[in-house]
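To start, the structure under review is shown below, and the notes come after it.
The values are calculated or read from the model by the stated rules, or taken from the named source; none is laboratory data. Everything numeric in this text was worked out from a predicted model, so none of it was measured. Backbone-built Cβ (ideal geometry, glycine too); neighbour counts: all protein chains shown. Heads up: the accessible areas ignore ligands, DNA and RNA and are worked out on the full protein's heavy atoms, side chains in. Shrake-Rupley method; radii C 1.70, N 1.55, O 1.52, S 1.80 Å.
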Amino acid sequence: MSNTLATDRLVLGLDMGTQSLRAALVDLKGRTVAYGVEPIETTYPRPAWAEQSPQQWWAATKSAIAKALDKSGASPKQIAAIGLDCTACTVLACDLEGNPLRPAILWMDQRSYREADAISATNDPILRYVSGRVSPEWMLPKALWLKNNEPENYRKAERIVECTNWMMYRLTGRWTLSLNHVAVKWNYARPDGGWPLAMMAKVGLDDLPSKWPAEIVPLGKGDDKLSAGAAAELGLEPGTPVAQGGIDAYLGMLGLGATNDGDVAAIVGSSTCHLAQCKDGVFGSGAAGCYPDATVEGLYTIEAGQTATGSILDWYRRHFAAREQAEADNRGVNVYSVLDEEAAKVPPGADGLVVRDDFQGNRSPYKNPQARGAIAGLSLAHGPGHIFRALYEATACGTRHILEDASKHGLKVQRIFLGGGGAKSPLWLQIHADILKQPVHLTRESESCALGSAMIAAIAAGDFANLDEAAQAMVAIEKTVDPNPANASAYDELFAKYVDLYKRLNA
């Protein structure tokens, strides 16, 4: 990243992750000119609950954009358009002016598992798109939880929406829905006529559509512009085109260039989301679902995922890595570099340690929000390096389990692309390749979600006609990590233990 020329045409990608907001200034060749990053705090009021402050999202947006502009030396006039991605199913109740009535319920929050069970029990035909079962992370269970447990907030709420909808309103002054979000997390299916109104009425949510914006806009499309008020707060030019935002991982898939049949994108951040495009749906697996029109209209996107991966590493860092943090501070390096060095000294299989990565439940392939993590096989011979390596290995085993399950139901995995913050660790990447027994492809820009948001901004600015054109111009495959065959036997044994441990813990 370096200072840009005053004549460069740029696009701004806003990537609202769980732990931070990243503002990326990107040129039309897909090269990041500058990042501005601002942390976002998560609170955990009870086990398996998680909340955030919408006001902090907006404050982080202002700060991150200011940092990016300052680092780049760019003028706001150089920004041709803005793209946006946010976490999926971070649900908030607010009034028509966007004022929140309570903290936002974060995507990973599992409190509405009973409501998810009730919705799934309707056995509505629409549920075939979600493998027969809704997740407590999604819109309908969370809205039903609000109605059951906070009826006054539910009654007062003029809008029950997601982070992306709220951010689009703050940017443009208009309430819209993203087709990407509603097709994936709101049980909306165009082939079946749209909203599952009959199913919603069965569980007492017949009034919920009145709290939703009426207009549904496909990912990256629309004619919205940055409002004068938002421009003044953000230090940008009013009237700048704003592309309809979407789910962070889906934008990450675009930023990785995984758009062909059989391509799998694994976006490794606080969680890991696995996405694949296909002409025909893959039904009946333990994937979160198979969604029509979610990314490219006319195609299906298969999604599966792990609720906690990078957030488990962050949990370990916060509670158990004080010595490594002190060493990192002394050496002037990132603490994860020190943790990786220790983990790299440990052989594959971590000398018998087996970890279940279900710290916030299991999203795929079991769809069990009440599953919990475990570290098994500890002895006095094990140290911090063993545990940290075992955490890495568990997250990679989770990806292998998801892909093997989907493959049994028709998914033909051709290429695997990996992006997100996890792509920064060479050790974690190698462990993924070894456990998956397939090459892992990496793009030049590891922050694929921000790049994907920049790509839809470039389309909104008129520089490219569609996602294929944008991908060809802005995505570059820079490296491939090949699996080490010498580790195959050890990891086959570990994977079998990983699967067996879930069965033992959840019998």
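May I ask you to verify whether residue 43 is closer than 21 Å to residue 312 by Cα, of a type in the set (Val, Ile, Thr) and either buried (at least 18 other Cβ atoms within 10 Å of the Cβ) or in contact with a His (Cβ under 6 Å, 6 or more places away or on another chain) (or both)? Answer is no for this residue.
The single condition among (1) more than 21 Å from residue 182 (Cα to Cα); (2) open to solvent by less than 10 Å² (accessible area, probe 1.4 Å); (3) touching a helix residue (DSSP H, G or I) at 6+ places or on another chain (Cβ under 9 Å) that residue 50 does not satisfy is (3).
Yes or no, residue by residue, for (1) touching a Gly at 6+ places or on another chain (Cβ under 7 Å); (2) of a type in the set (Asp, Glu):
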position	(1), (2)
232	no, no
236	no, no
242	no, no
246	no, no
258	no, no
263	no, yes
266	no, no
273	yes, no
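Residue count for the range 313-358, restricted to those that are open to solvent by 70 Å² or more (accessible area, probe 1.4 Å), among the hydrophobic types (A, V, I, L, M, F, W, C) and out of contact with any strand residue (DSSP E or B) (no Cβ under 8 Å at 6 or more places or on another chain): 2. Applying the criterion of being among the acidic types (Asp, Glu) and outside any loop (DSSP other than H, G, I, E, B) to the residues of the range 110-143, the residue that is surrounded by the fewest Cβ atoms within 10 Å (Cβ to Cβ) is 117. Take the conditions open to solvent by less than 10 Å² (accessible area, probe 1.4 Å) and without any contact (Cβ under 8 Å) to a residue 60 or more places away in the chain and apply them to residue 81. Does it pass? No: the conditions fail for residue 81. Among the residues making up the range 417-430, those that are at pLDDT 90 or above and surrounded by fewer than 24 Cβ atoms within 10 Å (Cβ to Cβ) are 425, 426, 427, 429, 430. For residue 326, the stated conditions hold: it is under 17 Å from residue 342 (Cβ atoms), at pLDDT 90 or above and not in a strand (DSSP E or B).
The set of residues from the range 224-261 being touching a helix residue (DSSP H, G or I) at 6+ places or on another chain (Cβ under 9 Å) and open to solvent by 50 Å² or more (accessible area, probe 1.4 Å) comprises 225, 233, 237, 238.
Among residues of the range 388-401 that are open to solvent by 10 Å² or more (accessible area, probe 1.4 Å), those with a beta-carbon under 7 Å from a residue that is assigned to a helix (DSSP H, G or I) and β-branched (Val, Ile, Thr) at least six positions away or on a different chain give the pairs 400/435; 401/499. Under the condition of being farther than 18 Å from residue 490 by Cβ and modelled with pLDDT of 95 or more, the residues counted in the range 335-360 number 12.
Look at (1) part of a strand (DSSP E or B); (2) crowded, with 24+ Cβ neighbours inside 10 Å and you find that residue 375 fails only one, number (2). Under the condition of being touching a helix residue (DSSP H, G or I) at 6+ places or on another chain (Cβ under 6 Å) and closer than 11 Å to residue 89 by Cα, the residues counted in the range 136-159 number 6.
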